[in-house]
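Everything below concerns the one structure shown next.
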Amino acid sequence: MGDRLPIAADPATAFHEPVLLNQVLDGLAVKPGAWMIDGTAGGGGHTEALLARSAPNGRVLGIDADPAAIRRISVRLADALAAQRLVLHQSEFARLEAVAAAYAFAPVDGVLLDLGVSSFQLQTPDRGFSFSQEGPLDMRFDPKQTPSAAEVVNEWPEQELAELFFRFGEEPQSRRIARYLVQHRPFATTTAMADAIENAVGGRRGARLHPATRIFQALRILVNQELQQIEAVLPQALRLLRPGGRLAVISFHSLEDRIVKRWMAEEARIYVADPTHRYGGYERQPTLRILTRKPVMAAADEVNRNPRSRSAKLRVAEKLPPNLV
């Protein structure tokens, strides 16, 4: 049921426009000779731009949990690898400090985190990220990790599925959808489950979003432990930055953005609540200066070229030197 998007002939060679590219480069204030970390290298677009802006002798450490992404960037940026200006490593970004230490890549001038699923993953049916193209119900960034989305949908109890869809997908009809899926499982493909979700809610009824959108989001977040990864990586990125270095984070939905916004706000605060609740607060050393009081979003022309950028939000902060207060 519903329209399916055409399958790209070869996602590895498909055009990929990195989201908010100029805003990221300006926010990170990339200069010649800079050492940068791209913690979510993905299609390599941001990585390539960081290399160009930091030329002739800047260096970039590119990390991605998806081994296919690392292989793709190795081909795309082979010259930079050969010149030892680019280092690539396959890992979840929650291990950022350990990876940087392995390559003696610290301190750095900037860290970029472009959260969520990449265009290439969405365009590759056998990865199972998109309900618009038929593929196995997988959704894992790293194929070696467990569980897959199919294991969750086909094995979890109804109540746990409903809670998952509500918590990570913010789906108002989570209970109804969970009940229908449990009654009609097992599901092996993305399109079969998407059709079931559409049936569960009685069709699209003119909705802008496909009924499966939030459910697929919830499953992807769970399978890849995305929110826990974000919470783990932010303090690591801060520790890796030199004073004056900058952190840029692009998020694509409210759960991600909320974590980033709150963490940056907490690190930028001079006063925090007193744990004993006796004094109302105490002075502390702020570690960050927030450079984007409101998130930077894509302009209309970028959204027209790249619809994925519509929901992107960029937040940037600068590491403060010690003893500022």
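Does Leu227 satisfy being open to solvent by 40 Å² or more (accessible area, probe 1.4 Å), within 28 Å of Glu155 (Cα to Cα) and not β-branched (Val, Ile, Thr)?
Here the answer is no, as Leu227 does not meet what is asked.
Mind listing just one residue for me: the one in the stretch 312-323 that is part of a loop (DSSP other than H, G, I, E, B) and touching a Leu at 6+ places or on another chain (Cβ under 7 Å) and, of those, surrounded by the fewest Cβ atoms within 10 Å (Cβ to Cβ)?
Leu320
For the stretch 283-311, give me the residue count where each residue is open to solvent by less than 80 Å² (accessible area, probe 1.4 Å), modelled with pLDDT under 95 and within 16 Å of the chain's Cα centre (by Cα).
Residues that pass the stated criteria total 3.
Considering the stretch 97-147 alone, what residues qualify as being modelled with pLDDT under 85 and of a type in the set (A, V, I, L, M)?
Residues satisfying the conditions are Val117, Leu122.
Any chance you could count how many residues in the stretch 25-82 are among the hydrophobic types (A, V, I, L, M, F, W, C), out of contact with any strand residue (DSSP E or B) (no Cβ under 8 Å at 6 or more places or on another chain) and over 21 Å from Gln145 (Cβ atoms)?
Number satisfying all stated conditions: 7.
Per-residue answers, yes or no, for (1) aliphatic (A, V, I, L, M); (2) under 24 Å from Leu115 (Cα atoms); (3) out of contact with any Ser or Thr (no Cβ under 6 Å at 6 or more places or on another chain):
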site	(1), (2), (3)
Arg179	no, no, yes
His184	no, no, yes
Phe187	no, no, yes
Thr191	no, no, yes
Ala194	yes, yes, yes
Ile197	yes, no, yes
Ala200	yes, no, yes
Ala218	yes, yes, yes
Ile221	yes, yes, yes
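Restricting the first residue to the stretch 246-260 and requiring it to be farther than 18 Å from Pro18 by Cβ and open to solvent by 10 Å² or more (accessible area, probe 1.4 Å), which pairs with a second residue that is in a strand (DSSP E or B) and not hydrophobic (A, V, I, L, M, F, W, C) meet a Cβ separation below 8 Å and a spacing of at least six or different chains?
Qualifying pairs under 8 Å: Asp257/Ser251; Asp257/Lys313; Asp257/Arg315.
The values are calculated or read from the model by the stated rules, or taken from the named source; none is laboratory data. This structure is a prediction, so every number in the text was calculated from the model and none was measured. We place every Cβ from the backbone using ideal geometry, glycine too, and count neighbours over all the protein chains shown. Keep in mind that these areas ignore ligands, DNA and RNA; they rest on the heavy atoms of the full protein, side chains included. Shrake-Rupley method; radii C 1.70, N 1.55, O 1.52, S 1.80 Å.
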